[in-house]
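The values are calculated or read from the model by the stated rules, or taken from the named source; none is laboratory data. Just so it is clear, the structure is predicted and the values come from calculations on it, not from any experiment. Here the Cβ is made from the backbone with ideal geometry for all residues, glycine too, and neighbour counts use every protein chain on show. Heavy atoms of the whole protein, side chains included, go into the accessibility calculation; ligands, DNA and RNA do not. Shrake-Rupley method; radii C 1.70, N 1.55, O 1.52, S 1.80 Å.
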Amino acid sequence: MTKIIVRGGQRLSGTVRVSGAKNAVLPILAASLLATEGDSVIHDVPLLDDVMTIKSVLASLGAQLTYNNETMRINAERLVCCEAPYELVRKMRASFLIMGPLLAREGKVRISLPGGCAIGTRPIDQHLKGFEAMGAEITLGHGFIEASSASRLRGAKIYLDVPSVGATENIMMAAALAEGTTLIENAAKEPEIVDLANYLNAMGAKVRGAGTGLIRIEGVERLQGVAHQVIPDRVEAGTYMVAAAITGGDVFVENAIADHLTPVISKLEEMGVQITVSDNGIRVRSTGELKSVDVKTLPHPGFPTDMQSQMMALLLMSEGTSLITETVFENRFMHVEEFKKMNAQIKVEGRTAIVSGGYPLTGAKVCATDLRAGAALICAALRADGETEVAGIHHVDRGYVDITGKLAALGADIRRVEESDAVAAAAKHAAAEPVAVAAAASAADTESSYKRDKEVPMLKVQPTWA
Ligand SMILES: CC(=O)N[C@H]1[C@@H](OP(=O)(O)OP(=O)(O)OC[C@H]2O[C@@H](n3ccc(=O)[nH]c3=O)[C@H](O)[C@@H]2O)O[C@H](CO)[C@@H](O)[C@@H]1O
Ligand SMILES: C=C(OP(=O)(O)O)C(=O)O
């Protein structure tokens, strides 16, 4: 099993460069399926496991792809099938984002319910509600979804019950090729939505209002391949800001966009961390003496759930008691039990964690329960007394480019230990099971709640296309 081993106590200093955003590049790569003419050339594509997974998904559909020097070139002129392989889709949530493009372009799609971090049930009802409003027929069963539309999708007014990032993106991509105008009300406002809209517009789409709660998409007949540069990863940037603050360091987080990080910057400043914003990044300085603050996660522009666990690591080092309330995902406190192994004093009551700061952290053997939990444990380990071994690194590899190398370059005592392939393969298989179980639970939940409302027939055993 691959592990990251950290010996705490080093003050971080220097410059760290933020890579392209995972949560922006994944929908953008899915959207490249909409280009029926020409190559799409995407720059600043981070070398992440999730990127490799979606690359394999696109290749399985018939797209031609090359990846060199963080540039992905995609030609999707000729697709050979509309079914995404279960083994790939179950690995990550964002693979579900091929549904909108395929449905809009080919009029049909078959896809299994998605995997991803097991941080809640993560239903997909809002995606399906949107596609149905646009004229798609949807059947669900045995963990798969089939959707088809005999004619071109048509524009519709769609109110999202929750401002879902994925549903906004999926519907936006489908609407780009639909007939007429689509309105997405209560749309998600995350920077990644704006990046996707910019990409779609460069391809020839007509998307207005991205970044607000009301997005208007006028469908066009065709889209073409274009070049696009992905925005920097605000969660990776935030993670390095926390790493700098927790070690009492002085770090320039190059490429970070302050406008995307307003809630994180505000909370760090409330804690006494000095933040200086410049054109090409954010400087973070800290004495290591930190005040407690309360944090509540919310959809953008609220405090991002993807920074909640890293913030918890930092608050463990503050003076006093902080309340962290997680409102976006119902099961995103799994890192608490791991922090406790490091002498953290945390009590969870429902959706709120009561974090008692000021107790010194001690090195321990811990396990990343999801992507951001892994990053948070590494942050905590940077300040802990002695050595911490973080297992479950396959989660971290989904979303951080060379976290070990980047932290080591800032002065951290950190190393990655790979075990033999055979051992790693066995451990990875075992570690994947909880995600598969969670995905199955999510599938069951989605299926039953959707059927209750809609009485949809079960999936035919044979797909209707090859
Ligand atoms: C690849 C990607 O971009 N992942 C991000 C995306 O995930 P993702 O797009 O999956 O997150 P959503 O915004 O869809 O989920 C937010 C909330 O809405 C609920 N929901 C969502 C869809 C739906 O059809 N029905 C429903 O009830 C979810 O269970 C959750 O409670 O946004 C999350 C919230 O900022 C981030 O944590 C993830 O890192
Ligand atoms: C939850 C996350 O990712 P995903 O939606 O891909 O599971 C994340 O990036 O923190």
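Observations on the structure shown:
- Any chance E132 is in contact with a Cys (Cβ under 7 Å, 6 or more places away or on another chain), open to solvent by 10 Å² or more (accessible area, probe 1.4 Å) and more than 22 Å from N331 (Cβ to Cβ): no
- Checked against the criterion of being at pLDDT below 95 and either among the hydrophobic types (A, V, I, L, M, F, W, C) or touching a Gly at 6+ places or on another chain (Cβ under 6 Å) (or both), the candidates V89, V45, V6, V16 yield just one match: V89.
- Verdict on T15 being open to solvent by 20 Å² or more (accessible area, probe 1.4 Å), part of a strand (DSSP E or B) and not assigned by TED's automatic domain parsing to the domain that holds K206: yes
- Residues in the range 86-95 that are within 27 Å of E179 (Cα to Cα) and more than 10 Å from ligand 2 (Cβ to nearest atom): 0 in all.
- Residue match in the range 100-114 (condition: touching a Pro at 6+ places or on another chain (Cβ under 7 Å) and farther than 25 Å from G219 by Cβ): no
- Check on L113, away from ligand 2 (no atom under 13 Å from the Cβ) and within 18 Å of V25 (Cα to Cα): no
Each row is one residue, and each column tells you yes or no for (1) in contact (Cβ under 8 Å) with a residue 12 or more places away in the chain; (2) open to solvent by 20 Å² or more (accessible area, probe 1.4 Å); (3) within 16 Å of ligand 2 (Cβ to nearest atom).
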position	(1), (2), (3)
A21	yes, no, yes
I28	yes, no, yes
G38	yes, yes, no
N68	no, yes, no
T71	yes, yes, no
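- Filter result for I98 (within 13 Å of ligand 2 (Cβ to nearest atom) and open to solvent by less than 20 Å² (accessible area, probe 1.4 Å)): no
- Taking the range 135-163 as the range and being open to solvent by less than 30 Å² (accessible area, probe 1.4 Å) and closer than 22 Å to H300 by Cα as the test, the residues that pass are I158, L160.
- When D50, D39 are checked against the criterion of being assigned by TED's automatic domain parsing to the domain that holds V226, within 15 Å of ligand 1 (Cβ to nearest atom) and touching a Lys or Arg at 6+ places or on another chain (Cβ under 6 Å), a single residue qualifies: D50.
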